[in-house]
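Asks: Starting off with a structure, shown below.
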Amino acid sequence: IGFVPSYDQLNWTGTDFTAEQFEQVTSQSTEQWNKELDSHAELFAKIGSHIPAALVKRREELVKAVNAEKVA
């Protein structure tokens, strides 16, 4: 979702931060993302027709992107 640099793209000179640690702090599961997106849907339902169309579209894009990672 969006741009996240890989471990190798960053300069780690002077640190003891490992690739495994980087993976741990930058990863999120599909399940976590879907829970977050479900909460967005609940909020959007409460707001109703007052929600900007751009936010609805962005949420739909996020849902597709998150679930595309499951298939990939």
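Asks: Return P(r) of the chain (all Cα-Cα pairs; 5 Å bins starting at 0; whole %; ordered from short to long distances).
Replies: Whole-percent P(r) values from 0 Å outward: 3, 13, 19, 17, 14, 12, 9, 6, 4, 1, 0.
Asks: I would also like to ask the following. Applying the Karplus parametrisation 6.51 cos²θ - 1.76 cosθ + 1.60 with θ = phi - 60° to the phi angles of the range 31-46, what ³J(HN,Hα) value in whole Hz is obtained for each residue in order, glycine and proline being reported as x?
Replies: 4, 4, 4, 5, 4, 4, 5, 5, 5, 5, 4, 4, 5, 4, 5, 5
Asks: Let me ask you something else. Using +1 on the beta carbon of Lys and Arg, -1 on that of Asp and Glu, and nothing else charged, what's the dipole of the chain about the Cα centre, debye to 20?
Replies: Its charge dipole is roughly 500 debye.
Asks: Say the dipole of the chain comes from +1 at the beta carbon of Lys and Arg and -1 at that of Asp and Glu; which of I51, T15, A68 then lies farthest toward its positive end?
Replies: The residue sitting most towards the positive pole is I51.
Asks: How far is helix 53-71 tilted off the main Cα axis of the chain, in degrees rounded to 10, range 0 to 90?
Replies: Helix 53-71 and the main axis of the chain meet at about 50 degrees.
Asks: Can you compute the FRET efficiency between L43 and F3 using 1/(1 + (r/R0)^6), with r the Cβ-Cβ distance and R0 = 30 Å? Round to the nearest 0.05. Spell out each step's value before the answer.
Replies: Values: r = 25 Å, r/R0 = 0.85.
Once rounded, the FRET efficiency stands at 0.75.
All of the numbers you see were taken from the coordinates with simple rules; none came from a lab. Just so it is clear, the structure is predicted and the values come from calculations on it, not from any experiment. All Cβ positions, even for glycine, are placed from backbone atoms using ideal geometry, and neighbour counts span all protein chains on display.
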